[in-house]
Amino acid sequence: MDVYGLIGNPVGHSLSPPMHEAGYEALSIDARYVTFEPEPDDAARAVEGAAALGVAGLNVTIPFKRDVLAAVDPDPLAERIGAVNTVVFPDDGEEEVDAGDGSGRDAPRGYNTDAAGVTRSFERHGVPLDGRDAVVVGAGGAGRAAAFALADAGASVHVANRTAERATDLAAEVPGATGGGLDGLDERVPAADVLVNATSVGMEEDATPVPADLLHADLAVLDAVYTPTETRLLREAAAAGATTIEGAWMLLFQGVEAFERWTGEDAPVEEMNAALRAELE
Ligand code: NAP
């Protein structure tokens, strides 16, 4: 039996175990998905411990996504984003890279599947990205993944963030991107084709980072926030006639991408989605 898992702190209410296990069941893969809650400064030891236990693959969530970067051999996209959310241990048939730590063990590979979570969500909803104008609100982990993913898909990206300097710093790293404060939304959103909320606004309270009067019918809006499933931003975007994409899709597709990297199989997307939706309800 293969064991996959998630490290995070806290991980108590993670939606990943039922989503991944529905995938194993649909493909008759003999595997389990378990959660681990290391101490916040123990990212590297947690990865080493999982490898020693024979865990085949790990997802990584808050607060470990940045720290795990140093404990793995990151792929170029994860390195650019500066965060890893998926680790593949070498036995999975991945290219092996010596850890160089004298352990004789091969280094695990690190990926960032949040980026694919963004692009595959738009693809699923029939929204083209190549040549489109995209606005990413937020410059934290999700904002970085979204900005690189959209730029790599051919979009022109503008990053708007409460702390404007974080947005301009990120934009300087993303090909062709611009960045600034939230005041720039007034000019950028009416002209945009694609909008991603990558802030946590809308999770704790019925709030939105984007004024409703900027939203329009030619816009496709992805809200990375997935609890609640329908945020105020998505409600107001739907009222403006925009295409709306719930954060649950991004969550699904980051998991689908991890599943495919671990198992080498096409993920059973519908079954994984049904399990995720059942959990979210
Ligand atoms: P993070 O690294 O802590 O970044 C938080 C971002 O939100 C920063 O840009 C921050 O701006 C901004 N922000 C926080 N409070 C704000 C406020 N009151 N007004 C305006 N901006 C505010 O967090 P993260 O990991 O990127 O996660 C962001 C959201 O995405 C969370 O809700 C998370 O659950 C969600 N997420 C979803 C998925 C998915 O699969 N659906 C994946 C990853 C993350 P400053 O820089 O100014 O502080």
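Values in this text are rule-based calculations from the coordinates and carry no lab data. Treat the numbers as computed from the prediction; the structure is a model and nothing was measured. Here Cβ is always computed from backbone atoms with ideal geometry, including for glycine, and neighbour counts include all displayed protein chains.
What to note about this one:
- Taking Cα atoms only, the orientation of helix 43-52 departs from the longest principal axis of the chain by about 40 degrees.
- Added length on full extension, which subtracts the Cα-Cα distance from 0.36 nm per residue, residue 229 to residue 124: 36.1 nm
- Here the dipole of the chain is about 560 debye; that uses its Cα centre as origin and unit charges on the Cβ of Lys and Arg (positive) and Asp and Glu (negative).
- For the chain, built as a Gaussian network whose Cα springs stay under 10 Å, the top-fluctuating residue of 121, 16, 28: 28
- Look at where the Cα atoms of the stretch 181-216 and of the stretch 1-43 average out, and the two centres are 33 Å apart.
- Per-residue [θ]222 nm for the chain (sum of -39500 (n - 2.57) over DSSP H runs n ≥ 4, rounded to 500): -10500 deg cm²/dmol
- For the stretch 169-259, applying the loop criterion from DSSP together with a ceiling of 10 other beta carbons within 10 Å to the GluC sites (Glu not before Pro) yields 204, 205.
- As an equivalent ellipsoid, the chain spans semi-axes of 32, 21, 16 angstrom, where each value is the square root of five times an eigenvalue of the C-alpha gyration tensor, largest first.
- Chain lengthening between residue 162 and residue 204 when straightened (0.36 nm per residue, less Cα-Cα): 13.4 nm
- Among 89, 122, 259, 36, the ranking by other beta carbons within 10 Å of each residue's beta carbon, starting with the fewest, stands as 36, 89, 122, 259.
- Taking the convex hull of the alpha carbon positions in the stretch 115-245 and averaging its projected area over all directions gives 6.6 nm².
- Ranking of 125, 20, 158 by count of other Cβ atoms within 10 Å, fewest first: 125, 158, 20
- Ranked by how many other beta carbons lie within 10 Å on average, peptides 143-156, 210-223 from highest: 143-156, 210-223
- Modelled spin labels at residue 270 and residue 77, positioned 7 Å past Cα toward Cβ, are 2.6 nm from each other.
- Going by neighbour counts of Cβ atoms within 10 Å, the residues 281, 39, 48 line up, fewest first, as 281, 39, 48.
- Projected label distance in nm at residue 30 and residue 45, using a 7 Å step from Cα toward the beta-carbon: 3.4
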